Amino acid sequence: MASSRDRQRKLARAKLDRQLARRAAAAKRRRQIQAGVGAAVVLALIVAGSAWALGAFDSEPKKQAAEDTCLWTPQDGAANSNLKDVGTPATKDLPTSGIRPMTITTNQGAPITVDLDLAAAPCGGASLAHLASRSFYDDTKCHEIITEGALRCGDPSGTGIGGPTYSFYDENVPTAPEPSPSASPAPGQPPAYPKGTVAMIGNPPGSNGSQFLIFFKDFNPAKPAYSVVGKVSGGLDVVEKIGALPTVDNGDGAKVKPKTDVVIQSLTVGDPTAAPASSPSAG
């Protein structure tokens, strides 16, 4: 039979165990509360930091910087005296849809009108508009009628290496045609450069400036190299008439210089308008 002292010891031990259990439970609750509060503070700091980074606390919202539409590569006018400095076009906020009408008045008849395709060649259109606004093309000669069937214009020096003191890369070069047994396109396949096409020509290729081609007959090379900027919308008959002019040696052994001077009296580019027409006109 247990003595009175043993019972007292057991009761005291049980009481101590209950106290220890209550203390452990209380400590666990405190740790859980502290952990919850800490996580909430961390989350609040993360949210506040993200909002600050996004400009939520700025007095004025930040404007996202506009991306460059076109890039212009400087050319050294001191190294090439045939280059003419007329500044450079803008790089941002340039039109990238619709057309710009270009009008070329020559000494060979009615004006030649062109639809510049801003969706396909926004930089070519921007460059031509910039140069036209500086009267860059006025009173200059179309110095070649090339064997590919195009009139070459846009070099005030008439040397083939003239232009502005900037250049820009190709942006709308047609894909190579599928192989064909003859020099003509495969049946149902349009030529890379249909009659009436207007394209930039660079020197060296891919380094475009002011010079451009107006095709008076279809041209379908194995490897297209000219960036298309638009197409003739009126006066194609004048282009064909110029293309039929006799040519003489240009001084470098190539019989490509028009025997009769072809002078651009003025070249103007209008404001952007609607989408380009479906096909060139001979009017």
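Looking at residue 126, is it open to solvent by 20 Å² or more (accessible area, probe 1.4 Å), in contact (Cβ under 8 Å) with a residue 12 or more places away in the chain and not in a strand (DSSP E or B)?
no
If you take the residues in the range 233-278 that are assigned to a strand (DSSP E or B) and more than 25 Å from residue 157 (Cβ to Cβ), which one is nearest to the chain's Cα centre (by Cα)?
273
For (1) within 21 Å of residue 118 (Cα to Cα); (2) β-branched (Val, Ile, Thr); (3) modelled with pLDDT under 95, each residue gets a yes or a no:
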position: 162; (1), (2), (3): no, no, no
position: 177; (1), (2), (3): no, no, yes
position: 192; (1), (2), (3): yes, no, no
position: 200; (1), (2), (3): yes, no, no
position: 211; (1), (2), (3): yes, no, no
position: 214; (1), (2), (3): yes, yes, no
position: 229; (1), (2), (3): yes, yes, no
position: 253; (1), (2), (3): no, no, yes
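Is at least one residue of the range 174-193 in a loop (DSSP other than H, G, I, E, B) and under 30 Å from residue 87 (Cα atoms)?
Yes: the range 174-193 contains one or more residues that are in a loop (DSSP other than H, G, I, E, B) and under 30 Å from residue 87 (Cα atoms).
Among (1) of a type in the set (S, T, N, Q); (2) open to solvent by 20 Å² or more (accessible area, probe 1.4 Å); (3) closer than 18 Å to residue 229 by Cβ, where does residue 147 come up short?
(3)
Within the range 110-123, restricting attention to residues that are open to solvent by 10 Å² or more (accessible area, probe 1.4 Å) and within 20 Å of residue 238 (Cβ to Cβ), which residue is farthest from the chain's Cα centre (by Cα)?
Result: 110.
Just the residues that are open to solvent by 20 Å² or more (accessible area, probe 1.4 Å) and either over 20 Å from residue 211 (Cβ atoms) or assigned to a strand (DSSP E or B) (or both), please, taken from the range 97-109.
Hits for the range 97-109 are 97, 100, 101, 103, 105, 109.
Which residue out of 94, 116 is within 18 Å of residue 273 (Cβ to Cβ) and assigned to a loop (DSSP other than H, G, I, E, B)?
Criteria check complete, one pass: 94.
Please determine, by comparing only the residues of the range 202-224 that are open to solvent by 20 Å² or more (accessible area, probe 1.4 Å) and either in contact with a Gly (Cβ under 8 Å, 6 or more places away or on another chain) or in a strand (DSSP E or B) (or both), which one is nearest to residue 148 (Cα to Cα).
219
Residues 259, 231, 241, 255: which one is open to solvent by 40 Å² or more (accessible area, probe 1.4 Å) and closer than 21 Å to residue 200 by Cβ?
Residue meeting the stated conditions: 231.
Please list, ordered by first then second residue, the pairs with beta carbon atoms under 6 Å, 6 or more apart or interchain, first in the range 213-227 and of a type in the set (Lys, Arg), second crowded, with 21+ Cβ neighbours inside 10 Å and in a loop (DSSP other than H, G, I, E, B).
Once the first residue is of a type in the set (Lys, Arg) and sits in the range 213-227, its partners that are crowded, with 21+ Cβ neighbours inside 10 Å and in a loop (DSSP other than H, G, I, E, B) give 217/195.
The values are calculated or read from the model by the stated rules, or taken from the named source; none is laboratory data. Not measured: the values here are computed from a predicted model. When we count neighbours, we look across all protein chains shown, and the Cβ atoms used for this are built from the backbone with ideal geometry, even at glycine. When the accessible area is computed, the model is the full protein with side chains, heavy atoms only, and any ligands, DNA or RNA have been set aside. Shrake-Rupley method; radii C 1.70, N 1.55, O 1.52, S 1.80 Å.
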